[in-house]
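Working notes, beginning with the structure itself.
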Amino acid sequence: MLIKLRGISKIYRIGVETIHALRTVDLEIGENEFVAIMGSSGSGKSTLMNILGCLDRPTEGEYRLDDRRTDRMSSAELALVRNERIGFIFQSFELLNRATALRNVELPSVYARGERKKDRRARALRALDRVGLADRVHHRPNQLSGGQKQRVAIARALLNRPAILLADEPTGNLDSTTTADILDLFNRLHEEGQTVIIVTHEDEVAAHCRRVIRLHDGRVASDLPIGEDPAGRLAPRVPAEGVG
């Protein structure tokens, strides 16, 4: 099992107030799943994303990634996991404005030991080609559309061949047509074998996934295949024929 959570709780203390962001969450996600994590503001979905991405540690419980306990990892080991095993994609793209698309994609491996520059560049070029941006490698973010910026961000996340693509509201800044293109791209990556986890509050986005995990007040309220979840009835997924 790629991801296994047992009894995961996260408690924040702000002054005299205690906030239970997650409450004894049990969850498993296998390789090559396409999962949506949903919930309203305050449901715990962002906290869960941070724990899955090894950006934060749970207060209680056990998180195993590739059957390794993350609570026993040092800060340096967690940093390596984040760089090599998890590809992050954010709503705001997080691109360097003065860098080309190629340079932005190269960044995760700039400090990798033992890799030649030309090999790193070749990997970045392959990643950009994979997301349909082979003709935009020398463009800077201000020369790209919102959808193209998100494709650059996805290419960057793919660079180190991660076990997991973890996307936080990846279509939040995109119009409906571009959103459909990006979701088709995620679907294609999943069909190629990539594990994809999307954190979203939109049923229309979740409807493109295969499984929907809904959180409420820090607990798993439901965990269903898309055909059994309300999102699946909102917008049945149609397999993409390709991504333009």
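Just to be sure before I move on: is residue 110 surrounded by fewer than 18 Cβ atoms within 10 Å (Cβ to Cβ) and either touching a helix residue (DSSP H, G or I) at 6+ places or on another chain (Cβ under 8 Å) or under 30 Å from residue 144 (Cβ atoms) (or both) in the structure I sent?
In short, yes.
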If we keep only residues of region 101-153 that are in contact (Cβ under 8 Å) with a residue 60 or more places away in the chain and in contact with a Phe, Trp or Tyr (Cβ under 8 Å, 6 or more places away or on another chain), then the residue farthest from residue 176 (Cα to Cα) is 153
Run down 7, 87 and say which single residue is farther than 30 Å from residue 185 by Cβ and either outside any loop (DSSP other than H, G, I, E, B) or of a type in the set (Val, Ile, Thr) (or both).
7
Looking at residue 104, is it assigned to a loop (DSSP other than H, G, I, E, B) and closer than 26 Å to residue 55 by Cβ?
no
Can you spot a residue in region 56-77 that is out of contact with any Pro (no Cβ under 7 Å at 6 or more places or on another chain) and closer than 14 Å to residue 168 by Cβ?
yes
State all residues of region 87-100 that are among the β-branched types (Val, Ile, Thr) and closer than 19 Å to residue 182 by Cα; if no residue qualifies, say none.
89
Hey, residue 8 crowded, with 18+ Cβ neighbours inside 10 Å, touching a strand residue (DSSP E or B) at 6+ places or on another chain (Cβ under 7 Å) and either hydrophobic (A, V, I, L, M, F, W, C) or more than 17 Å from residue 197 (Cα to Cα) (or both) or not:
yes
Taking first residues from region 12-34 that are on the phi > 0 side of the Ramachandran plot and surrounded by 13 or more Cβ atoms within 10 Å (Cβ to Cβ) and second residues anywhere that are among the polar types (S, T, N, Q) and modelled with pLDDT of 95 or more, the pairs with Cβ under 7 Å that are 6 or more apart or on different chains are 24/9; 32/195
Do we have residue 161 as without any contact (Cβ under 8 Å) to a residue 24 or more places away in the chain, of a type outside the set (A, V, I, L, M, F, W, C) and out of contact with any His (no Cβ under 6 Å at 6 or more places or on another chain) here?
yes
Residues being at pLDDT 95 or above, farther than 17 Å from residue 175 by Cα and assigned to a loop (DSSP other than H, G, I, E, B): count how many of those fall in region 140-159.
1
Determine whether region 108-122 contains at least one residue that is closer than 26 Å to residue 169 by Cα and modelled with pLDDT of 95 or more.
no
Would you check if there is a residue in region 64-72 being in a strand (DSSP E or B) and surrounded by 14 or more Cβ atoms within 10 Å (Cβ to Cβ)?
yes
Considering each residue of region 22-42, count those that are more than 21 Å from residue 164 (Cβ to Cβ) and either modelled with pLDDT of 95 or more or in a strand (DSSP E or B) (or both), and give that number.
2
Among the residues of region 192-225 satisfying the criterion of being farther than 23 Å from residue 157 by Cβ and not in a strand (DSSP E or B), which is nearest to the chain's Cα centre (by Cα)?
203
What are the residues in region 107-131 that are of a type in the set (A, V, I, L, M) and either in a helix (DSSP H, G or I) or over 19 Å from the mean Cα position of the chain (by Cα) (or both), if any?
107, 110, 112, 122, 124, 125, 127, 128
From the option list 87, 61, 53, single residue qualifying as surrounded by 14 or more Cβ atoms within 10 Å (Cβ to Cβ) and touching a Phe, Trp or Tyr at 6+ places or on another chain (Cβ under 9 Å) is 53
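The values are calculated or read from the model by the stated rules, or taken from the named source; none is laboratory data. Keep in mind that what you see is a predicted model, and the values were worked out from it rather than measured. Cβ sites come from the backbone with ideal geometry, for glycine too, and all protein chains shown count toward neighbours.
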